[in-house]
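Just so it is clear, none of the values below were taken in a lab; they were calculated from the coordinates. Given the structure is predicted, the values throughout are model-derived calculations rather than measurements. When we count neighbours, we look across all protein chains shown, and the Cβ atoms used for this are built from the backbone with ideal geometry, even at glycine.
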Amino acid sequence: QIQLVESGGGLVQAGGSLRLSCSISGLTFSTYTMEWFRQAPGKEREFVGAITPGGGVTSYADSIEGRFTCSRDNRENVGYLQMNSLKAEDTAVYYCALRYGSIIKFPGGMTFWGEGTQVTVSS
């Protein structure tokens, strides 16, 4: 059974940091591109960041402005999203997702999804 389980969300003040984790089971994580998305109430799900299977390439949404970092540990089957200098507009449910192929930045192109974790940033 393929599972993606996010953790690490919560309530943080503006300017603070959080690290989200996405634990993978049921597939060979090292062969999949991991992408992170978020969805705020009343808005569409949007791309946040991505990392290639080997971890050598990352890509981020322009709105992130260098504040977030994607990483992964293929031996432990875990992906991470380090979020610094958080803003109120970063408040959303954050999802990790996997696809077999290159970074696509599009929710419809992802194959496997986690259930999401809530991040709330107070101003």
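Distance between the pseudo-spin-label points of Asp73 and Thr120 (7 Å out from Cα toward the beta carbon): 2.9 nm.
The gain in end-to-end length when the Glu65 to Gln3 segment is fully stretched comes to 19.3 nm, 0.36 nm per residue minus the alpha carbon separation.
Charge dipole of the chain (Cα centre as origin; +1 on each Lys and Arg Cβ, -1 on each Asp and Glu Cβ, all else neutral): 100 debye, rounded to the nearest 20. For the chain, averaging the sequence separation of C-alpha pairs within contact (under 8 Å, six or more residues apart) and dividing by the residue count gives a relative contact order of 35 percent.
Which of the peptides 4-15, 77-88 is most tightly packed, and how do the rest follow, going by the mean number of other Cβ atoms within 10 Å of each residue? Kindly include the intermediate steps, with their values, before the conclusion.
Numbers: 4-15: 15.2, 77-88: 18.3.
Order by mean packing, descending: 77-88, 4-15.
The slack between Ser17 and Phe106, meaning 0.36 nm per residue of separation minus the straight C-alpha distance, is 29.5 nm. For a 4.7 Å threshold on C-beta separation, the list of partnerless cysteines in the chain reads Cys70.
Quick one: compute the contact order of region 7-58, relative version, from alpha carbon pairs under 8 angstrom and 6+ residues apart, as a percent.
Numbers: 51 pairs, mean separation 13.3, N = 52.
The normalised contact order for region 7-58 reaches 26 percent.
Identify which of Thr33, Thr111, Thr69 has the largest mean-square fluctuation in a Gaussian network model of the chain, with springs joining Cα atoms closer than 10 Å. The residue that fluctuates most here is Thr111.
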